[in-house]
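Following: one structure in structure tokens, then a few remarks.
Quick note: the coordinates plus some simple rules give every number you see, no bench work behind them. A quick note: this is a predicted structure, and the numbers were derived from the prediction, not measured. Note: ideal-geometry Cβ built from the backbone for every residue, glycine included; neighbour counts use all protein chains shown.
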Amino acid sequence: MKTIAIICELNPLHNGHAYLINEAKKSFGADRVILIMSGDFTQRGTPAIVPKEVRTKMALTAGADVVIELPVCYATGSAEYFAFGAISICNTLNCVDAILFGSECGNIKLLQQIAHILSSENILFSEELQKAMKAGKNFAAARDIALRKVLSVSNELDLVKDLEISPSVLISPNNILGIEYCKSLIQTHSKIQPLTTKRLGAAYHDSLPNDPKTSDNSINNNSSFFASATGIRELLENSHRQGEKAEDFLSKETLLLLQNSMPPEVFKQLVSEKEYRTMNDFSMLLRYKLTCLSDRNLLTGFFDVHTDLADKIIKNLPNFTNIDSFSLLLKSKDLTYTRISRCLLHILLDIYEKDMKTLKEHNYPSYIRLLGFRKESSDVLSVMKKSSFSPIISRMSDANHILDEEHKFILHLDIKASDIYHLLDKEKEPLNEYQKKIIIF
């Protein structure tokens, strides 16, 4: 049985994700597809637009066989932490033959070669990188120059040509993650094979067209297209009225746009939700916490928060109105909006620098938290239970009996993150992590 893993957020699931799941089975011969999915918070430093339970149902509806949660400490980290945490789960499952991901370049050989250079002690690369930076190039541009030099010297001329064709290979979001996946596989001496397919349709950050009739994706009642998750989220977040289903407040044209962006059953699930979570929903919670922590030494204890950012947080706190506007106040040439968002989220969720360093030193440990599976695919669960090097949690009530202290620490972060995510639920009494059941499709 060939098993392929896909690392994802599904925030929310769209046609591109469904295509990737289908490609794993159709083009790459997977008998089973396992998704390693972020929980309630994401790598962009924001909450998922809908809870992990809803996104698990979407994944199973779209053809995934098993969904496993990526712990929040990795899911909200930089590309390195995100990738290494997810690959550690794939490795510890001990039944994954390959990972599949979408990339802007669609060239696995190029991504692997870049990963080899970046993960090795390549003297020429280091020298060329420093030379370019001294010449006034920023880090991204200097790294690109250094990589081209190493590839040309090593007679990888075909790959240098590929870099000319895909000049943004080092700055495109999916390429960056793909390189990190390959680095993690190299550094862990993994036998898992990396596979990629070229990303189709809208770019990662693209918005959806305002008018479906004028879209170059040729949207109509009978066609689907590849939108970006960013565009779908923007559409829902900008139009949402709390407590109302999307089907009640969106125009027919906008609903059609959404409908053509995702599989039919996923569309029904998404528009039936009455709450779409955004980071601004947590503004007062974060402001309260920052007010209590208005000391540089306290703030720099959190993961990824350096002294310059801590000082800017303290200086600008009196001007805090919501998280979006506050992040823009903190943004600078050297500090991106996404990096700031992640730092603020780490503060909100109590993710500390010392704890992440410990996890890194221990090779990114992780348990296997099962979120859902398809009935017809239950055979893969038997394989997982026999092969996995790490404990598999199917019932939270068993967690304390099967986890060591290191794993319990990661789990408690996940429990806290889920509780914080659901603090703002208005429609019903939220279930805590111990009350939730595995989703069986």
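Using only alpha carbon positions, build the gyration tensor of segment 70-112, then give the equivalent ellipsoid semi-axes as the square roots of 5 times its eigenvalues, largest first, whole angstrom. Kindly include the intermediate steps, with their values, before the conclusion.
Numbers: eigenvalues 81, 49, 11 Å².
Ellipsoid semi-axes (Å, largest first): 20, 16, 8.
Under 8 Å for C-alpha pairs, at least 6 residues apart: give me the relative contact order for the chain, rounded to a whole percent. Intermediate results must be reported in sequence, preceding the final value.
Details: 699 pairs, mean separation 96.5, N = 441.
Once divided by the residue count of the chain, the mean separation gives 22 percent.
Using a ≥ b ≥ c from the Cα gyration tensor of segment 1-43 (square roots of the eigenvalues), is it rounded, prolate or oblate, where a/c under 1.5 gives rounded and otherwise the larger of a/b and b/c decides, a/b for prolate?
Numbers: a/c = 3.77, a/b = 1.71, b/c = 2.21.
Verdict is oblate for segment 1-43.
In terms of modelled amide H atoms, which long-range or inter-chain residues lie less than 5 Å from the amide H of Asn122?
The answer is none.
Which of the pairs Lys252/Lys428; Lys191/Lys437; Lys52/Lys274; Lys315/Lys357; Lys245/Lys428 have their Cα atoms more than 23 Å apart in this structure? The partial results should precede the final answer.
Details: Lys252/Lys428 28 Å; Lys191/Lys437 33 Å; Lys52/Lys274 15 Å; Lys315/Lys357 28 Å; Lys245/Lys428 15 Å.
From the list (Lys252/Lys428; Lys191/Lys437; Lys52/Lys274; Lys315/Lys357; Lys245/Lys428), the Cα-Cα distance tops 23 Å for Lys252/Lys428; Lys191/Lys437; Lys315/Lys357.
Using θ = phi - 60° and the Karplus form 6.51 cos²θ - 1.76 cosθ + 1.60, what ³J(HN,Hα) does each residue of segment 116-129 get, whole Hz, x for Gly and Pro?
4, 5, 6, 9, 10, 8, 7, 5, 4, 4, 4, 5, 5, 5
Whole-Hz ³J(HN,Hα) for each residue in segment 95-108, computed from phi via Karplus 6.51 cos²θ - 1.76 cosθ + 1.60 with θ = phi - 60°, x for glycine and proline: what do you get?
Karplus-based 3J(HN,Hα) across segment 95-108 equals 9, 8, 8, 7, 10, 10, 9, x, 8, 5, 8, x, 10, 5 Hz.
FRET efficiency for Met284 and Ser251, Cβ-Cβ distance as r, R0 = 35 Å, nearest 0.05? If you can, show how the numbers build up before the last one.
Numbers: r = 31 Å, r/R0 = 0.89.
With a Förster radius of 35 Å, E is 0.65.
Extent of segment 1-74 along each principal axis, from alpha carbon coordinates, in Å, largest to smallest?
34, 23, 18 Å, listed from the longest principal axis down.
Project the alpha carbons of the chain onto their principal axes and report the range along each, largest first, in whole Å.
Extents along the principal axes, in whole Å: 61, 57, 55.
Under unit Cβ charges (Lys, Arg +1; Asp, Glu -1), what dipole magnitude, rounded to 20 debye, does the chain have relative to its Cα centre? Mind dumping the intermediate values first?
On the way: 52 positive and 54 negative charges, 44 e Å.
For the chain, the charge dipole is close to 220 debye.
Towards the positive end of the charge dipole of the chain, with charges on Cβ (+1 Lys, Arg; -1 Asp, Glu), say which of Asn238, Pro430, Ile89 has the farthest Cα.
Ile89
Let a ≥ b ≥ c be the square roots of the eigenvalues of the Cα gyration tensor of segment 280-354; is it rounded (a/c under 1.5), or, if not, prolate (a/b larger than b/c) or oblate?
Because its axes are fairly even, with a/c under 1.5, segment 280-354 counts as rounded.
Let me have the 222 nm mean residue ellipticity of the chain computed from DSSP H runs of 4+ only, each contributing -39500 (n - 2.57), with the sum over all residues rounded to the nearest 500. Working shown, then result.
On the way: 22 runs with 220 residues, N = 441.
The per-residue figure over the chain is -14500 deg cm²/dmol.
In a Debye calculation with equal point scatterers on the alpha-carbon sites of segment 48-162 and no solvent, what is log10 I(q)/I(0) at q = 0.20 Å⁻¹?
After summing over all Cα pairs, the log10 values are -1.17.
Tell me the relative contact order for segment 280-354 as a rounded percent, counting alpha carbon contacts under 8 Å between residues six or more apart.
42
Hey, fewest Cβ within 10 Å first, where do Arg199, Arg55 land in order? Mind dumping the intermediate values first?
Working: Arg199 24, Arg55 29.
Going from least to most buried by this count: Arg199, Arg55.
Quick check: residue separation of Ile145 and Lys386 times 0.36 nm, minus the Cα distance between them. What number comes out in nm?
Numbers: separation 241, 0.36 × 241 = 86.76 nm, distance 4.68 nm.
Fully extending the segment from Ile145 to Lys386 adds 82.1 nm.
Test of understanding: what is the full-extension gain from Gln130 to Asp398, defined as 0.36 nm times their sequence separation minus their Cα-Cα distance? Intermediate results must be reported in sequence, preceding the final value.
Details: separation 268, 0.36 × 268 = 96.48 nm, distance 5.16 nm.
Length gained, Gln130 through Asp398: 91.3 nm.
Can you spot the lysines whose alpha carbon is less than 29 Å from Lys134's alpha carbon? Ignore those fewer than 8 places along the same chain.
Here the lysines satisfying the reach criterion relative to Lys134 are Lys149, Lys161, Lys183, Lys312, Lys331, Lys333.
Note down the net charge around Glu406, summing +1 for each Lys or Arg and -1 for each Asp or Glu among other residues with Cβ under 14 Å from its Cβ. Working shown, then result.
Working: positive: Lys354, Lys357, Lys360, Lys408; negative: Asp355, Glu361, Asp404, Glu405, Asp414.
For residues surrounding Glu406, the net value is -1.
Over all distinct Cα pairs, what is the inverse of the mean 1/r for segment 98-152, reported as the Kirkwood hydrodynamic radius in Å? Intermediate results must be reported in sequence, preceding the final value.
Working: mean 1/r = 0.0826 Å⁻¹.
12.1 Å is the Kirkwood radius here.
Is segment 247-394 rounded, prolate or oblate when judged by the Cα gyration tensor, a ≥ b ≥ c being the square roots of its eigenvalues, rounded requiring a/c under 1.5 and prolate requiring a/b larger than b/c? Write down the numbers at each step before the final one.
Numbers: a/c = 2.88, a/b = 1.24, b/c = 2.32.
Here segment 247-394 falls in the oblate category.
Using DSSP, restrict attention to beta bridges with both residues in the chain and report what percent are antiparallel, rounded to the nearest 5. Could the numbers behind the result be given before it?
Values: 7 of 30 bridges.
Just about 25 percent of them are antiparallel.
5 Å is the cut-off here: which amide hydrogens, built 1.01 Å from N in the peptide plane, fall below it relative to Phe101, excluding neighbours closer than 5 in sequence?
The list, which skips near neighbours in sequence, is Leu195, Thr196, Thr197.
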